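Computed from the coordinates by the stated procedures, all read-outs in this text should not be read as laboratory data. This is a predicted model, so every value here is computed, not measured. Cβ atoms come from the backbone with ideal geometry, glycine included; neighbour counts cover every protein chain shown.
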Amino acid sequence: MPETLPAVIAKGELVAYDPALYPSELFADPDDAGDPFTTRFAKAQTIDELFDALKGNTSQGLVGRRLQILNVHWRLFQSDIGWIPNAICDAADIETGELLEFATTGGQLTSFIRHVQLIGAFPFNVRITESKTRSGQTALNFERA
């Protein structure tokens, strides 16, 4: 039986993507991933807004911004290592008040957001940061904002 996410984090262990740690809605039919686009399209009033709805934000594109993360919804993302959790976050820019949505599949970010969800700590304020790992990869993380 897998340990709970809080128990694993408390021990400081590396957490692999374990389906038992994420909500069951994450593993719904991957074809349902189009639903958020339908919602965005319905809000569009111009052709430019329709094209903007296709873009979406990612955590990589928000590096350095101060955000208040309000909520999360989970989807699947097919990566080169298989299906992984994709956190779709509702957020507000702390500086401007702009409401936005962004997606992240970053391991540290998704684990952090899932733990926030488990302990009921929404909303929370962060800045998304990036750093280079020893292997030269770019790692995203949160810091307090």
(message) Given an 8 Å cut-off on Cα distances and at least 6 residues of separation, report the relative contact order of segment 61-145 as a percent.
(response) 31 percent
(message) Please give me the summed charge of the neighbours of Asp90: other residues whose Cβ is under 13 Å from its Cβ, Lys and Arg +1, Asp and Glu -1.
(response) -2
(message) Restricting to DSSP loop positions (anything but H, G, I, E, B) with no more than 14 other Cβ atoms inside 10 Å of their own Cβ, which trypsin sites (Lys or Arg not before Pro) remain in segment 89-145?
(response) Arg134
(message) Compute, for segment 66-118, the length of the dipole vector about the Cα centre, with Cβ point charges of +1 (Lys, Arg) and -1 (Asp, Glu) only. Units Debye, rounded to 20.
(response) 260 debye
